[in-house]
Each structure stands twice: as structure tokens, then as C-alpha cells.
Amino acid sequence: MNNHHAVSDHRHAARPAVSPDRRAVLWPVQVMRATAATMVVIGHSQSAVAWIKQSAGQSFVRSTMLPWGASVDLFFVISGFIMVYASRHLFGQPRAPIDFLKRRLIRIVPLYWVVTTVFLALLLAATLKGGDRFPSGAAIVASYAFLPFDTYGDRQIFPVFDLGWTLNYEMFFYALFTLAVSLPRRRAVAIIAAVLLLLVALGTAVPETQVALHFWTRPILLDFGLGMAVGLGLSEGVRLSGRMRIALGCVATALLVLDPANVFNGALGTTVANDWPRVLVAGVPAAALLAAATLGPEPRFSPWVVPLTRVGDASYSLYLLHPVTLIVLGKLAQKLPSVTLFPGGALVAAAVIAAVALALASFRWGERPMTAWIARRLDKKHRRPAQEYPPSQETAT
């Protein structure tokens, strides 16, 4: 799922308008983020359309052209990368933990809390009408606090707004990063990586009944470590030759597309386990693809990528808000049976286009102004210059 969105200034389409030292992230990473977010939407849209068709007594075969669920691994790898790269001026600074955590909380919490609150209101209305079960108070508190919780007692560790499961991992990673960011960069990355490996090793002995500890010791945590390794490489001046980058990118893309362990091609409604197969067939290739995109001269910026970078900017809104379009589509299918007569592919395309439009609007008129306002208020309260907390989007979720 953060998340998350450092943005290059694309006002001059021929080339980035800010210096490499001030630019928060390379534009190819923005394109990768846009791709990951769109993959999430396509995967969920196909599942929604399959349920709609099934309810109408029709059939719809979901496309397996790409492993849509691997988008989460790509997000986590990008998150690890950006936390290292965008924090290059924070490492070793006494105030680094406070500054880093403040940025992360400002960036992640407001929109997620708004979405969770709206979802709970809708869920309450449905419950009062005799529909879905309303979660317990403990489950609600855990959701707002980004704590893993068995919300409905079915061993499915999802918050009340289920897409927040990825943010539970993101926030845990940010907490680890906060503890180490005041150290020099190499030492900080090494310590965080060692802690991630130790947690995964301990996870082999943690029973599922220990919900939070079991959740936070899954191998998918290593996706963040893989991204950090690429970010450290870029920050330390590691560069690959053009041929090596092309070869690495081709191999990584092939592995992602082929999904040799068949991890992401489960039945409708199947939850992919956050274990080693996922890391090996999605996390490792995603990190290799990221390395191919960043460990070398930045490709010349072209106007055709501007829409993709805009979607990359809005990827957090896209991730959190795309269920709105799927709910609307489902309601339309219930009220207007003729909707189910449209080809499944057309319904998926309509849902994706609507989700992207909603996300772009949310980012421009909701997410960005809201986070900027909160940052200004906190800066004013603590008498720190507002420009130190620009509304740049650094998360990969």
C-alpha cells in the first residue's frame, strides 16, 4: 500500500527545474509509483467486476497479464529507497528523529484518518440497517493507531478499512527508521537492515495467536530493506553501466510478469501470504527494477511522462480512495441491471479511469492542501521555518 510521494518540479517539461541536490526523487521513480498504484486499482477493479458478473449469473475471467498484487511489494521497495534518499540531509543530525517522524505523520495520518472515519460512518449506517457487522472499540482504536488487529476474529489481520494493512507495515518501518536516523547514514541503514533480518528470523517462532508480533515479523518486511539498499547505493555514488541497467531491468520485469511461483494468481478473494515466496518473486525483482531505473544517469525528461508523474504524485490518494469508485460501480450494477451487460473489460477500464480522476482531484484540492496546512501550523507552533517542511510527497504508499 505511503506511501507514499516526493515530486520533481515538472513545470519545465524539457528537464527537471530543480538541482539534483534539491530534487526529492528521480522522475523514473514517480513513474514506477504511478504504475504500482494503477496495478492495485486494476487488480481490485477486476475482482469487483468478477463479483458483479458472478452475482448476475455471468462470468468474467480476470487478466493475469501482470501480477497485480506485486504492486504492494513495489510500493514497499520504493518506500525503503525514498526514506534513505530523501533523508540524506537528516542522517547524523540531532533533531533528525523528530523532523523525520513529524514529516511521516503529517504525510500519512490525516488522509488515512479521514478515510477511516468516513468508512466507519458508512459501516455504521449499514450495520443499523441490518447489514455488515460493526467492529469493536478495540479494533477501531487499533486501526487509528496503525496496530495490527484481528478485527473480526477470522484471523485476517486487517484494520477496519482493510487497505490500511500496508500502512501498518509502513508505520512500523518508519518507527524503526526514526530510531536510527540520527546516526550516520551507512550505520543507520546497516542497523535497520539487521533489525529487519532479526525480526524475520524471530518470526519463524512466533505463533499466529500473537497477532501484532506475528504480523510485524513476516518476510515482506525485507522489501523495505531491499529498497534501502538501492537508496544507499544511489546516495553513495554506486552507478551501473547502461547495458547492465537494461539487462537488469529486462530480467526483473520478466520475473515480475512471469510470477514463476504462481504467488499472485490465486482464486477470487484469495489473500496473498506475506512470506518468502512473495519476497523472492516480487520484492527482489522490484528492487532490481528500481536499481536499473536509478543507479545511473537520470533519463532525459520527456513531456509524455508528465501524466504518469502526476499519477505518481497522487498515488496515496489513488490507493486509499479507489474503493469509492468500486462501491459506486457495485451500487450501479444493483440499481441498473443493464450495467452488468457491459463487457467486463469496459467496466474495469471505467473504474480505473474514475479512480485516477478522483485521486488527482483529491491530491490537488484535499490531500496536498491539508498536509501543507498541518505542516504550517506545526511549524508556527514550534517557530520553525515553514520551508523546512514543504508539501513534498516522500512516501511510497
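The values are calculated or read from the model by the stated rules, or taken from the named source; none is laboratory data. Since the structure is predicted, the reported quantities are computational estimates derived from the model, not experimental observations. Because the Cβ atoms are built from the backbone with ideal geometry, glycine has one as well, and the counts that use them run over all protein chains shown. Ligands, DNA and RNA are stripped out before the accessible areas are found, and what is left, the full protein with its side chains, is counted by its heavy atoms. Shrake-Rupley method; radii C 1.70, N 1.55, O 1.52, S 1.80 Å.
Taking a point 7 angstrom from the Cα of A205 along the C-beta vector, which residues in the stretch 212-240 have backbone N less than 16 Å away? Backbone N within reach: 213-214, 217-218. In the assembled protein chains, V352 presents an accessible area of approximately 20 Å² (probe radius 1.4 Å). Per-residue packing, averaged as other Cβ atoms within 10 Å, sorts the ranges 83-91, 304-312, 249-257 into the order 83-91, 304-312, 249-257, beginning with the highest. Averaged per residue, the stretch 308-371 has 47 square angstrom of accessible surface, using a 1.4 angstrom probe with ligands and nucleic acids left out.
Treat the stretch 233-339 as a sphere of radius equal to its Kirkwood radius over Cα pairs and apply Stokes-Einstein at 37 °C in a medium of 0.692 mPa s; give the translational diffusion coefficient in µm²/s, rounded to a whole number. D = 189 µm²/s. Each Lys and Arg contributes +1 and each Asp and Glu -1, all at the Cβ; summed about the Cα centre of the stretch 183-241, the dipole is approximately 280 debye. Residues S63, S315, sorted by accessible area with the largest first, give S63, S315 [1.4 Å probe; ligands and nucleic acids excluded].
These residues, K381, K53, go from largest to smallest accessible area, 1.4 Å probe, as K381, K53.
Among the trypsin sites (Lys or Arg not before Pro) found in the stretch 223-306, those both in a DSSP coil and sparsely packed, with 10 or fewer other Cβ atoms within 10 Å of their Cβ, are R300.
Per-residue ellipticity at 222 nm, computed for the chain from helices alone with -39500 (n - 2.57) per DSSP H run of at least four residues, works out to -19500 deg cm²/dmol.
Accessible area per residue was computed with a 1.4 Å probe on protein heavy atoms; F119 scores about 60 Å².
On the protein heavy atoms, probe 1.4 angstrom, tell me the percent of accessible surface of the chain carried by carbon and sulfur. Carbon-and-sulfur percentage of accessible area, whole number: 66. In terms of its C-alpha gyration tensor, the stretch 186-266 has an oblate overall shape, because the principal axis ratio a/c (a ≥ b ≥ c, square roots of the eigenvalues) is not below 1.5 and a/b does not outweigh b/c. Find how many whole Å separate the alpha carbon centroid of the stretch 241-307 from the alpha carbon centroid of the stretch 122-184. When both Cα centres are located, 28 Å separates them. With the charge dipole of the chain set up from +1 on Lys and Arg Cβ and -1 on Asp and Glu Cβ about the Cα centre, the Cα lying farthest toward the positive end among the listed residues V306, L128, M228 is that of V306. Computed from point charges on the beta carbon alone (+1 for Lys and Arg, -1 for Asp and Glu), the dipole magnitude for the stretch 169-313 about its Cα centre is near 500 Debye.
Taking 23 Å as the straight-line reach from the Cα of K53, the lysines in range (excluding those fewer than 8 positions away in the same chain) are K331, K335.
In a simple Cβ point-charge model (Lys, Arg +1; Asp, Glu -1; nothing else charged), the chain has a dipole of about 1180 debye relative to its Cα centre. Rolling a 1.4 angstrom probe over the protein heavy atoms with all chains in place gives the stretch 128-265 an accessible area of 50 Å² per residue. Database remark: amide H of G296 closer than 5 angstrom to the amide H of L240 (H placed geometrically; neighbours at sequence offset of 5 or more, or on other chains; Pro and chain starts carry no H).
For the stretch 38-112, the solvent-accessible area of protein heavy atoms averages 36 Å² per residue (probe radius 1.4 Å; ligands and nucleic acids excluded). Sorted largest first by accessible area at a 1.4 angstrom probe radius, with every protein chain in place, the residues F172, F363 fall in the order F172, F363. Our estimate of slack between N262 and C250, defined as 0.36 nm per intervening residue step minus the Cα-Cα distance, is 2.4 nm.
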